[in-house]
1. From Cα pairs below 8 angstrom and at least 6 apart in sequence, can you work out the relative contact order of chain B, rounded to a whole percent?
2. Which lysines have a Cα lying under 20 Å from the Cα of B:Lys233, excluding residues fewer than 8 positions away in the same chain?
3. Averaged across the residues of B:222-228, what count of C-beta atoms belonging to other chains lies within 10 Å of each residue's C-beta?
4. Which lysines, on any chain, are close to A:Lys44 with Cα under 17 Å apart, when same-chain ones fewer than 8 places away are left out?
5. Any idea what angle helix A:169-184 forms with the longest principal axis of chain A, computed on alpha-carbon atoms, 0 to 90 degrees, nearest 10?
6. Rank by packing, highest mean first: peptides B:12-25, B:320-333, A:4-17, with packing defined as the count of other Cβ atoms within 10 Å averaged across residues.
7. Using a 10 Å cut-off on Cβ to Cβ distances, tally the other chain neighbours for every residue of B:206-217 and report the average as a whole number.
8. Can you sort B:Phe291, B:Phe380, B:Phe39 by how many other beta carbons sit within 10 Å, fewest first?
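Rule-based calculations on the coordinates, nothing more; no lab input. Because the structure is predicted, anything quoted here is derived from the model rather than measured. Here the Cβ positions follow ideal geometry from the backbone for every residue, glycine too, while neighbour counts run over all protein chains shown.
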Amino acid sequence: MVNTSHLTKVFTDGKKKITAVNSVDFHAEPGQIHALLGVNGAGKTTLLRMLSTVIRPTSGTATLNNFDIHKNAAQVRESIGFLSTSTALYGRLTGREMLDYFGGLYGFSGSELKERVQAAIAQTQAEEFCDQLCDRLSTGQKQRISIARSIIHNPPILFLDEPTAGLDILAAQTVLTFIETARDQGKTIIFSTHIMNEVERLAERITVIHQGEVKGTGTLTDLKSTTGTTTAEQMFLSLISPQEAHA
Amino acid sequence: MTTGTGTKQVFLKELREMARDRRVLQASLIMPIFVIALFVFVMGVVQRAVTEKPEVRIAIVGVTFIDLKEQFPDLNTSNIDLVPTFAEGTALVEEKAAQLVIETTLRTDDDGITITVHRVGYIDSDPLASLALAELKSQVNARNLENIKTVLQENNLPAGLTEAEQVQPENLGKDEGLAGSSIVSLLPYLIVLWAFYGGMSVVADLVAGEKERGTMETLMVSPVRRAAVALGKILALMVVCFIGSLTTLAGVFIAGSIKSPLTENLFPTGLSLGLDAILFSIITLVTLVAFFASMMVSICAYARNIREAQTYLGLLSFIIIMPAIFSQIIGFTGLERATWVLWTPVLNTALAIKDLILGSATISQLGPVWTVNLVLASYFLWSSIKQFRKEEIVLRV
């Protein structure tokens, strides 16, 4: 599970201070898809980066799988799989070599590593192209290898940062199906998006973030009810800019 | 995960990727061998031209070919132009149609002896003119000596008096194998240079490229230690730098092994190198590439993309080249053994490699070289790890 408590990140640009994430609290359970909904620049990626221990929070804390992001960074990283469209592959490695590499970085070796790699390839149906150089793969095939890379260590928590941005409909479908399968396997899934269809299809719980602050959190039904709206889009607009939603 | 395990994973992955990168093969293998081989042949051409007395044209003022043959019986008259005045000869020299203009006059000194004076016009910056002038002086000196011998003999004095004092030079250098080659002083400069340029061609892609492509974040999310990532990349780059410098030697050996009239005089004592010279050169090179690789990784970890990294590396290359070039001319200054030279990075390494090839390196010379390189390598390793531990490694793109 994932718990955050007053998680805050302030960036300094010369004398200017920019609060990217301001005292964010939310909670995500195993077997649950939790959507972080927000426009570009809302603070979703910064939040996920803090949770994955890539950057340090200015204040506040979070626990993932009962590991504290400050005290147990290594265990936190072992507990998460991270996927986004901006995370690329190594073009001069084959898909299998890429998985071998990351499997090794997660501490697997020998027959265990081979089994893990084979399982990830099978799970993402990448058998046909996993021995080709990543540079020669199509966008959809690359995304499958990326998914296989993110689950090579069978993490209990998955962070998906706008995982379908820039993908065609078929490649996006692969990702969405993967998210549903992972949820069914009991993983805690936090995915950031600004695509309402994905939210309506997948999210059990939603946290709306705008300008670094949580504007609302709950199920889609709860949030619609609270805002007095009927669609996810209206609910979102209502929370981030009440005037636009009612215009 | 231990740092060692992560380092091995990163190191092997980087080597595998680089082995498949054409730029690495071109910059670290093919180019050094090709450039050095070409360079050796060019040096061979130059040396052959110098040793075989290149043809020079001489303008001589106001004499006939018959007079000329009497004065300079060894002269090849086909390379001589007869001109009526010194000014006309000067014009030929200025046009590079001749290297020397010679006007011969006679005068009588205070003792009543007739002295033949050769007024010689030449352009100092023309190397052929300097060679021709030196040859002319040598011929005149030889004739003066012959005249003195004749006078001594006419007065019943021994002709050997003209050589009563002699210089007997003995080369104490260990001119065996590669040490006997005239290109030995240039070799360390090239080895040092390719150790840097071999790595420079790939390091931007190795570190800043990961940021640009978005693979750095994936790597940082994994449990591998940041120190292991930095160390793995530095070790992989060291291999490329090392190969780059060794291929310089390979180029020399390939060019020298080809039986060509152009290169035969460049390696009069063969191409061999002593085992201790090889061993100590390898140790010296390893310390140098450790310094280069860690410095380049540190700089590229700071850069936000490949282009920015290449800009920094371009500027850095000038700092590396300067002491390397100085190593070529320092022998004329007498500063080779100065303390500050021993502790100056790059310069000290180039000189140490030269002395190792010549068989004159000492541990008191190599000690400071290894110390300087290892201290700098350690500093830049620390700096690289620091860069990788900063948030900017992901954010500064």
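1. Relative contact order comes out at 23 percent.
2. Result set, ordered by chain and number: B:Lys8, B:Lys13, B:Lys211, B:Lys386, B:Lys390.
3. The per-residue average across the peptide is 5.
4. Output for A:Lys44: A:Lys9, A:Lys215.
5. Roughly 90 degrees, rounded to the nearest 10.
6. B:12-25, B:320-333, A:4-17
7. 3
8. Taking fewest neighbouring Cβ atoms as first place, the list is B:Phe39, B:Phe380, B:Phe291.
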